[in-house]
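So the structure is just underneath, and the comments pick up after that.
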Amino acid sequence: MQVGEFPGLLQQNNRRTIRAPVNPMDKSTVVSILPKLIEERKPTCQPGFFALKPGNFENPSILVVGPSSWWREIDENQPLLEIPVSSIQIADSIVRDYCNGLLACDMAGKMPGLFYIPGEFSVDKLKKEHLPLLIKAKEQQKNWFLELIRIADILWSRSNGNPLSISEDARMACKELNITQKPWLGDVQHAELVRCVACGSLRNSNFPICQTCKAIADPELAKKLNLTFAQ
């Protein structure tokens with residue numbers, strides 16, 4: 001230690017996270033044809049926030065990413081060790097972390113239209129050189145949309161028309177596929193939930209039978225609908 005040097009300041013400098021110069025050629029492009037804002041955060045990386053605007057097949061949303069870094073601590077007397085992460089790893093993490101865990105997504109034949117390619121691409125260059133990838137993403141996204149709609153139909157039936165059982169992704173899927181004849185596509189506020197007089201659970205007031213205890217909670221509505229029940 002030199003004269004006039006403070007131990008506390010030296011230790012503080014050792015804790016600073018200063019990135020080494022990055023490779024300007026290390027770039028990858030994340031592509032999205034999902035009509036929905038995508039935001040991914042990697043708290044341990046720098047940079048660690050990535051966002052893609054809503055896109056579609058005709059006008060895909062693209063995000064060019066470079067390498068990031070994270071830091072490993074060796075001991076309190078040595079500077080933090082920088083661990084670089086390549087752009088292709090960052091791009092892969094954005095796609096996988098967003099898609100993994102989504103309802104009905106299998107990361108193969110059914111998934112959002114989200115993928116990445118090495119290198120820096122504009123929309124025009126992407127369509128010119130990687131049109132098959134866009135077509136594949138469109139087909140995978142369509143399959144995912146259809147599966148979301150199928151699941152929404154099942155949940156709507158099993159919940160006796162509970163609007164809370166329908167995800168916003170399922171509504172988005174219907175909009176993108178121009179499907180309008182679904183009973184659960186109406187305004188959610190129109191389907192008021194009230195408590196069943198028999199068991200107290202919430203039920204859709206547009207239906208006379210409680211989906212939980214199967215009691216005729218609204219005899220007047222059942223009579224109006226001319227429903228007959230097995231004895």
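Okay, here's what the table says:
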| read-out | value |
| --- | --- |
| Condition check for residue 70: surrounded by 17 or more Cβ atoms within 10 Å (Cβ to Cβ), aromatic (Phe, Trp, Tyr) and assigned by TED's automatic domain parsing to the domain that holds residue 210 | no |
| The listed residue being surrounded by 14 or more Cβ atoms within 10 Å (Cβ to Cβ) and at negative phi, out of 43, 47, 35, 21 | 35 |
| Inter-residue pairs, beta-carbon under 7 Å, first assigned by TED's automatic domain parsing to the domain that holds residue 70 and in region 87-114, second of a type in the set (D, E, K, R) and part of a loop (DSSP other than H, G, I, E, B), 6+ apart | 87/26; 87/27; 93/42; 104/110 |
| Those residues of region 14-40 which are more than 24 Å from residue 58 (Cα to Cα) and either at pLDDT 95 or above or of a type outside the set (Lys, Arg) (or both), in sequence order | 14, 17, 18, 20, 21, 22, 23, 24, 25, 26 |
| Yes/no for residue 62 being at pLDDT 95 or above, assigned to a strand (DSSP E or B), surrounded by 18 or more Cβ atoms within 10 Å (Cβ to Cβ) and not aromatic (Phe, Trp, Tyr) | yes |
| Residue identified as touching a Gly at 6+ places or on another chain (Cβ under 9 Å) and at pLDDT 90 or above among 144, 156 | 144 |
| Selection status of residue 152, in a helix (DSSP H, G or I), surrounded by 18 or more Cβ atoms within 10 Å (Cβ to Cβ) and not assigned by TED's automatic domain parsing to the domain that holds residue 28 | yes |
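The values are calculated or read from the model by the stated rules, or taken from the named source; none is laboratory data. Predicted model, so just to flag it, every value in this text is computed and none were measured. Every residue, glycine among them, receives a Cβ derived from its backbone with ideal geometry; neighbour counts consider all protein chains shown.
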